[in-house]
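Remarks on the structure that follows.
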Amino acid sequence: MKHAFSTKVFYSDTDAYGVVWHGSYLRWLEMGRVMLCEEKGGAKLSELKKNDIILPVAELNVKYKNSAKLEDEITIETEISDYGKFYLTFQQTIKDKKTQKIYIEATVKVVAINKSGKLYRSLPEQVIKIVR
């Protein structure tokens, strides 16, 4: 299942050169992962945290292909491409809503840890619901 949402590039998303600042893409990627997980039946992040489950990013690979600019309409697409005993891997793309021109492609791997920072030996049931 692929999740997609669109947004507009605001002035606060850009850098001194008038293009989207690289960190803004990371924020949109996180929004996409959170929305996908909530939509697929996983609990909200606050509920996971109450159950001693935290999903930090363990690996992040971003390919910057083109630069989005102020007032561009962009679409963020997110899907789970892989999962294992300890991790979930998301494949994400940010592109122009009208032209489909790709701005970035990203692969993001998250793991499940508890509040003490210890890795779960296997993904908790609440997280497994996301991949089913």
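The numbers here are math on the coordinates, done by the rules we state, and not lab data. Everything numeric here is computed off the predicted structure, so don't read it as measured data. Cβ atoms come from the backbone with ideal geometry, glycine included; neighbour counts cover every protein chain shown.
The table for this structure:
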item: Student exercise, the chain dipole from Lys, Arg, Asp, Glu Cβ charges, in Debye to nearest 20; result: 360
item: Distant-in-sequence amide H partners of Ser81 (H built 1.01 Å from N, under 5 Å); result: Thr89, Phe90, Gln91
item: When each of Lys40/Lys69; Lys2/Lys85; Lys8/Lys101; Lys2/Lys129 is checked by Cα-Cα distance, pairs over 20 Å; result: Lys40/Lys69; Lys2/Lys85
item: Residue with peak Gaussian network fluctuation, the chain [Cα springs, cutoff 10 Å], from Ala68, Ala16, Ala112; result: Ala16
item: Cα-based helix-to-principal-axis angle, 22-39 vs the chain, degrees rounded to 10; result: 50
item: Helix-only [θ]222 nm of the chain, DSSP H runs n ≥ 4, -39500 (n - 2.57) each, per residue, nearest 500; result: -7000 deg cm²/dmol
item: Calculated over the chain: convex hull of Cα atoms, volume per residue (Å³); result: 108
